[in-house]
Amino acid sequence: MGIISGLMGNASGTDVEKVKKEYGKLLGPNENVVQAYQWIRDLLIFTDYRLICVDIQGATGKKVIYHSIPYKSIRHFEVESTGYFDLDAELKIWIADMDKTPLVKTFSADADVYQVQALLAECIGKI
């Protein structure tokens, strides 16, 4: 991931093995990391059971929020691809029993937003 892209709030793919090593304590006994996308400090982790949003807070990064979203709670999602003038792509996820505002994540042009969409569709389809 480029530093400029990260500073702009755009995510790109990250090393799954590194994520497993660093965040393995969040996983259940039979849960595996399928894919992960990282911003400067924040992370979106796709496992075979759920989506985990890692939100690192504050200047020191000591406070971390782990938001776990079971795939069965995802009502629908939308992927907006990059355009000629818009160089980033967006993923919007609507979660059951939450307000009408979707969870929005922005991806850099080097992240394959179609792969993100296919992965999410596959994970949701398993439930």
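Could you please find all residues in the range 80-112 being in contact with a helix residue (DSSP H, G or I) (Cβ under 7 Å, 6 or more places away or on another chain) and either surrounded by fewer than 17 Cβ atoms within 10 Å (Cβ to Cβ) or not hydrophobic (A, V, I, L, M, F, W, C) (or both)?
Passing the criteria: Ser81, Ala96, Ser108.
Please go through the range 67-112 and pick out each residue that is in a strand (DSSP E or B) and over 12 Å from the mean Cα position of the chain (by Cα).
Correct list: Pro70, Ile74, Arg75, His76, Phe77, Glu78, Val79, Glu80, Ala89, Trp94, Ile95.
Pull out all pairs, ordered by first then second residue, where Cβ-Cβ is under 9 Å, the residues are six or more apart or on different chains, the first lies in the range 11-40 and is in contact (Cβ under 8 Å) with a residue 60 or more places away in the chain, and the second is part of a helix (DSSP H, G or I) and loosely packed, with under 14 Cβ neighbours inside 10 Å.
Short answer, once both residue conditions are applied: Gly13/Gln115; Val34/Glu122; Gln35/Gln115.
With the condition kept exactly as written, say whether any residue in the range 12-29 is modelled with pLDDT of 90 or more and of a type in the set (Gly, Ala, Ser).
Scanning the range 12-29 turns up at least one residue that is modelled with pLDDT of 90 or more and of a type in the set (Gly, Ala, Ser).
Take the residues of the range 42-60 that are β-branched (Val, Ile, Thr) and in contact with a helix residue (DSSP H, G or I) (Cβ under 8 Å, 6 or more places away or on another chain): which is surrounded by the most Cβ atoms within 10 Å (Cβ to Cβ)?
The qualifying residue surrounded by the most Cβ atoms within 10 Å (Cβ to Cβ) is Ile45.
The values are calculated or read from the model by the stated rules, or taken from the named source; none is laboratory data. It should be emphasised that the depicted structure is a prediction, and the values quoted were computed from it without experimental measurement. Quick reminder, even Gly has a Cβ in these numbers, built from the backbone with ideal geometry, and neighbours come from all protein chains shown.
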